[in-house]
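Notes to accompany the following structure.
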Amino acid sequence: MFKYDVLLLEGVTNLINNCYLVPISRLFGKKMIWWDPGYSRAVRTKRRKLIDAILKPFVKLTQIQMAYSSMGEVYLKNYMGAKNCFTNLNTINTNYFESIQNEANSSIDSYNFEDTQVRLLYVGVVEKRKKVEELIKYVTKLNELSGPRKFVLNIIGEGNQLEYLRNQYYNQEIVFHGPIYDKEMLKNFYFESDLFVLPGDGGLGILQSLLYGLPVLCIRGADGTESDYIDDDNFILNSTEEIYDKLKTLKNINRKSYKNYVLKVSSEQWIERLISHLE
């Protein structure tokens, strides 16, 4: 620690370490950046209020605070004592997406919405907090309606609910692929889908989907970044229960606004923005 001039401190997730790193760093005249997502739930829990109360004096000792989202920035200022806070979107390396930008743009240009078969995609951890089972139930219910439209849901990822859900719901419309780490294979799922659906927690899933050029339907407060990333506010719902009605009335999907999306969130911009606040 002592050989560095600037320390980037992971916020709440590194709570115990920060309680002694911040005072020591301040004592030795180190510049500190508190890097934190803030809090995206509609109601602050008692536990969260306690965490904020404990961390507030430590946050005040840091010179700069960096938020993951605009929502996080507001939270840091209102509840965590941040006085010199800025938003820096994106925490993933975008080199890969820059290398496939022409493919992503071609996928967007050639896209056509087929009203009779809607292709949904979920990529992420398959566990209760992600509410994958709720999404499956909505898709099943939609497919039980009389009419020509059918929904196909591809689920990619692993987790403690994977085998249970696979045994309960697997059919030709609900397909579990398990984890896929091959980028070429994964890329095709994004290019060939109509919509990425995130029924529960999550944030990187939103960004990754948009970088592939695939629009996202998610819940407000997924992790706070959705309002910064998603252009169409109609695709940000207030609750998981609204997913059913939204999919039932889904019309033509516009993907054009996500052409060259990587320019908005490139790693280079993220680093430049961080450096600019150090000067």
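Every number here is computed from the coordinates shown, using simple stated rules; none is lab data. On a predicted model such as this, the values are computed, not experimentally measured, just so you know. We place every Cβ from the backbone using ideal geometry, glycine too, and count neighbours over all the protein chains shown.
So the values come out like this:
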| item | result |
| --- | --- |
| Cβ-derived FRET efficiency at R0 22 Å, residue 98 paired with residue 180, nearest 0.05 | 0.55 |
| Spacing of the two label points (7 Å from each Cα toward its C-beta) at residue 141 and residue 105, in nm | 4.2 |
| Neighbour-count ranking [beta-carbon atoms within 10 angstrom, fewest first] of 94, 45, 62 | 45, 94, 62 |
| Square roots of five times the Cα gyration tensor eigenvalues for the range 215-279, Å | 30, 15, 6 |
| Residue-averaged 222 nm ellipticity for the chain, from DSSP H runs of 4+ at -39500 (n - 2.57), nearest 500 | -11500 deg cm²/dmol |
| Long-range amide H partners of residue 217 with built H, under 5 Å | 196, 197, 198 |
| The range 121-130 - phi-based ³J(HN,Hα) in whole Hz, Karplus 6.51/-1.76/1.60, Gly and Pro as x | 9, 10, 10, x, 5, 9, 8, 4, 5, 7 |
| Contact order relative to length of the range 146-279, as percent, for alpha carbon pairs under 8 angstrom and 6 or more apart | 17 |
| Rounded to 10°, Cα long-axis angle of helix 267-276 versus longest principal axis of the chain | 20 |
| For the range 159-279: rounded, prolate or oblate by the Cα gyration tensor [a/c cutoff 1.5] | prolate |
| For the range 82-145, the Rg and Dmax computed from alpha carbons only, in angstrom | 18.3, 53 |
| Stretchable slack from residue 158 to residue 31, in nm (0.36 nm times residue separation minus alpha-carbon distance) | 41.7 nm |
| Cβ-based net charge around residue 201, under 15 Å, with every Lys or Arg adding one and every Asp or Glu removing one | +2 |
| Pairwise FRET efficiency - residue 54 versus residue 2, Cβ, R0 = 30 Å, nearest 0.05 | 0.70 |
| Cα gyration tensor shape of the range 177-235, rounded if a/c is under 1.5, else prolate or oblate by comparing a/b with b/c | prolate |
| Label-point gap, in nm, between residue 172 and residue 41 - each point 7 angstrom along Cα→Cβ | 4.3 |
| In degrees, nearest ten, helix 15-27 long axis to first principal axis of the chain (Cα) | 30 |
| Euclidean distance between Cα centres, the range 153-225 to the range 237-279, Å | 16 |
| Ratio Rg/Rh, restricted to the range 6-87 and using Cα atoms, in which Rh is the Kirkwood radius | 0.95 |
| Net charge contributed by nearby residues that have their C-beta within less than 10 Å of residue 89 (K/R +1, D/E -1) | +1 |
| Tilt relative to the chain, helix 46-61 - C-alpha long axis, 0 to 90 degrees, to 10 | 40 |
